[in-house]
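One structure is given here, and the rest of the page talks about it.
The values are calculated or read from the model by the stated rules, or taken from the named source; none is laboratory data. The model shown is predicted, which means the values in this text are computed figures rather than measured ones. When we count neighbours, we look across all protein chains shown, and the Cβ atoms used for this are built from the backbone with ideal geometry, even at glycine. Remember, those area values only see protein heavy atoms, side chains included, never the ligands or the DNA or RNA. Shrake-Rupley method; radii C 1.70, N 1.55, O 1.52, S 1.80 Å.
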Amino acid sequence: MEFRTDLAAPLWHGGDLDAARRLFPAAPQPFVDLSTGINPFSYPLPRLAAETFTRLPEPAAIDRLAAAAAKAYGAPSADHVVAAPGGQILLPFVAALARPGRAAVLGPTYAEHARVAALAGHATQETSDIRALAKADLAIVVNPNNPDGRLLPRDALLALADALDPGLLVVDEAFMDVGPPGASVAGAGRRNIVVLRSFGKFYGLAGLRLGFALAAPELARRLRAALGPWAVSGPAIAIGALALADEAWNEATRARLAATASRLDEVLSGAGLKVTGGTSLFRLVRTPAAHELFDRLGGAGIYVRRFAEQPTWLRLGLPASEPQWVRLAAALAAPT
């Protein structure tokens, strides 16, 4: 697998509180970090045996994790599941499944997809026209989309996969845990579809670094070989298998996130801001005053996600506590 190095500069992402402190050194501490789409109500961490940390993971433990992921995500079987130390690390390996050719990314969206496809040697374009994806060797769709929450119907994605064949369709379902039932293509069983799922976002454990690729067994074997042995840590395997199987927590958390997102809508609309998209893990607002609002919130110690390429957009995650709600409402109500 060969990668270009002239495109290797990292992109800016949310969650960087060091950057927030540099931008707003006089802001009150601690920062309220609303710059990510990570669940602020994380899965309760279990007590783990010491050997979870001291021993290399056993193959049987990986198998249990894959089985739990297959059931949770609707994959046909554990043979279709590849576990990795976070979804991000899978991107270059998945891009390399397709021979270097034309890559098309449905955008605007998560910028790492275009960057990584280009690194893998593809002539890459971002397009807002889904019809353009059918002409690509590698087509990439984020569904639900980040940051606007756009959701393509399952049938449309399956039709795109048919039009692409033998090209590869990559569907990034990092936020599908809070998507509508039946929207995922993970169970389609198509030979030319790879679905990416994030564990850390919905379960609020981004630092655990766990993600999955769901693909036909032959593609899954190639991805496992590329990642090598012991790709996922023992603690991530143990916690991931437990959380994925916890249907009661998952159901309650979806309801809690939906209610919290509705509350955020009310706070934002009460401040005169129009919510134009998102999921129940984040909301997108569009305003001509986005730059001024970013600075006002940052000065109040509230860090939100801005977009250099979309200067009227701001994305806000969910506050985690009542004091955070109070700070956000006060900052939004402050005079400009």
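At-a-glance table
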{"item": "Check: the range 223-336 dipole with +1 on Lys, Arg Cβ and -1 on Asp, Glu Cβ, in debye", "result": "220 debye"}
{"item": "Rel. contact order, % - alpha carbon contacts under 8 angstrom, at least six apart, the range 1-123", "result": "32 percent"}
{"item": "Cα long-axis angle, helix 217-227 against the chain (0 to 90 degrees, to the nearest 10)", "result": "70 degrees"}
{"item": "Approximate spin-label separation A225-S269, in nm, with each point projected 7 Å along Cα-to-Cβ", "result": "5.4 nm"}
{"item": "Contact order normalised by residue count of the range 137-221, Cα under 8 Å, 6+ apart, percent", "result": "26 percent"}
{"item": "Separation of the R99 and F307 label points, Cα + 7 Å toward Cβ, nm", "result": "3.5 nm"}
{"item": "Antiparallel DSSP beta bridges within the chain, as percent of all bridges there, nearest 5", "result": "50 percent"}
{"item": "Angle between the chain longest axis and helix 59-73 axis [Cα atoms, degrees, rounded to 10]", "result": "60 degrees"}
{"item": "Degrees separating the helix 154-164 axis from the principal Cα axis of the chain, which is the longest one", "result": "50 degrees"}
{"item": "Difference of contour (0.36 nm per residue) and Cα-Cα distance, R191 to Q125", "result": "21.4 nm"}
{"item": "Over the chain: helical MRE at 222 nm, DSSP H runs n ≥ 4 each giving -39500 (n - 2.57), nearest 500", "result": "-11000 deg cm²/dmol"}
{"item": "Most to least packed among 191-199, 88-96 [average Cβ atoms within 10 Å]", "result": "191-199, 88-96"}
{"item": "J(HN,Hα) series, the range 138-147, from Karplus relation 6.51 cos²θ - 1.76 cosθ + 1.60, nearest Hz, glycine and proline x", "result": "9, 10, 10, 10, 9, 8, x, 7, 10, x"}
{"item": "Stretchable slack from A258 to F41, in nm (0.36 nm times residue separation minus alpha-carbon distance)", "result": "76.9 nm"}
{"item": "Shape box of the chain [Cα atoms, principal axes, largest first, Å]", "result": "58, 50, 38"}
{"item": "Percentage relative contact order, the range 288-336, counting C-alpha pairs under 8 Å, at least six apart", "result": "37 percent"}
{"item": "For the range 220-336, with +1 on Lys and Arg beta carbons and -1 on Asp and Glu, the positive-most of Q310, L223, G270 along the dipole", "result": "L223"}
{"item": "Accessible-area ranking of V326, V116, largest first, probe 1.4 Å", "result": "V326, V116"}
{"item": "Whole-number accessible area per residue in Å² for the range 200-325, which is evaluated in the context of all protein chains at 1.4 Å", "result": "42 Å²"}
{"item": "Y110 accessible area, assembled protein chains, probe 1.4 Å, Å²", "result": "60 Å²"}
{"item": "Cα gyration tensor shape for the range 15-113, rounded if a/c is under 1.5, else prolate or oblate", "result": "oblate"}
{"item": "Inter-centroid distance (Cα atoms) of the range 240-316 relative to the range 135-201, Å", "result": "22 Å"}
{"item": "Separation of the W249 and S77 label points, Cα + 7 Å toward Cβ, nm", "result": "2.9 nm"}
{"item": "Candidates V267, V170, V105, ranked by Gaussian network fluctuation over the chain, Cα under 10 Å, top entry", "result": "V267"}
